[in-house]
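What follows is a short report on a single structure.
Where a number appears in this text, it was derived from the coordinates with a stated rule and is not lab data. Everything quoted here is computed from the prediction, not taken from an experiment. Quick reminder, even Gly has a Cβ in these numbers, built from the backbone with ideal geometry, and neighbours come from all protein chains shown.
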Amino acid sequence: MNTLTKSTLKINEIYLSVQGESTWTGLPCVFVRLTGCSLRCSWCDTAYAFHEGSDNDLDKILATIDSYGIRLVEITGGEPLEQEGVYPLMEALLAKGYQVLLETSGAVDVGRVPPKVVKIVDVKCPGSGEEARNLWGNFEKLTAHQDEIKFVIKDREDYDYAKEIIQKHRLTGKFTLLFSSAFEHLKPSDLAEWITADRLPVRFQLQLHKYVWPDDTKGR
């Protein structure tokens, strides 16, 4: 756990872009990327956020977000819940009337996240190399018909694993379920065909930002 104080966060970058995933895809959004993550997913595209960043106090972070004039904010990482200061940041954003999204790996307890924050929880499939880190108890701490569960699918094994998790934990109809093909690992058309063949009630999505900007582009 990061040792920064509650009023300080280590920030990798804050930037304005369009939302690339979830049901909010395509909307202008301010991204607050926190530094640090204890996971090492095989398909991770933000390894630069593992260590790079600078300490910022809460007032400075809020002022930067305010300067963009956009009411949709996503807190991401890295793994944002590894920093204690993320909780007062979320509370402050809600108090200012922002719509707040949280992108989290699912490897950290989400029980302290404010209820009005939309939690987008990433279930780690075998292809990520981190499936042992999934905290299954997080499903019980999500808000039905608000929060979203994402599966990044690298191959057929991942797809079958995701189907099994959905059935085992009875997720259908309770949360928005997102299936993404891991960029440059699985053809989107293959995933779309598997979903339609199984009549699976999930939302197929592309990792839109990876198609719009090159892989080495930060702030995308």
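The table that follows gives values for the structure above.
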{"quantity": "Contact order normalised by residue count of the chain, Cα under 8 Å, 6+ apart, percent", "calculated": "19"}
{"quantity": "FRET efficiency, 1/(1 + (r/R0)^6) with R0 41 Å, evaluated for residue 95 and residue 211 via beta carbons", "calculated": "0.70"}
{"quantity": "Max mean-square fluctuation residue, GNM over the chain, Cα-Cα springs under 10 Å, options 78, 137, 106", "calculated": "137"}
{"quantity": "Unit charges on C-beta of K, R, D, E only; dipole of the range 8-212, Debye", "calculated": "540"}
{"quantity": "Positive-end residue, the range 8-212 charge dipole about Cα centroid, Cβ charges, pick of 42, 189, 145", "calculated": "145"}
{"quantity": "Charge-dipole axis of the range 34-84 as Lys and Arg at +1 and Asp and Glu at -1 on Cβ define it, positive-most pick from 51, 68, 81", "calculated": "68"}
{"quantity": "Between the range 60-121 and the range 172-204, the Cα center-to-center distance that results, in Å", "calculated": "26"}
{"quantity": "Gaussian network model of the chain, Cα within-10 Å springs - most flexible of 196, 176, 76", "calculated": "196"}
{"quantity": "Max mean-square fluctuation residue, GNM over the chain, Cα-Cα springs under 10 Å, options 168, 154, 119", "calculated": "168"}
{"quantity": "Approximate spin-label separation residue 164-residue 190, in nm, with each point projected 7 Å along Cα-to-Cβ", "calculated": "1.9"}
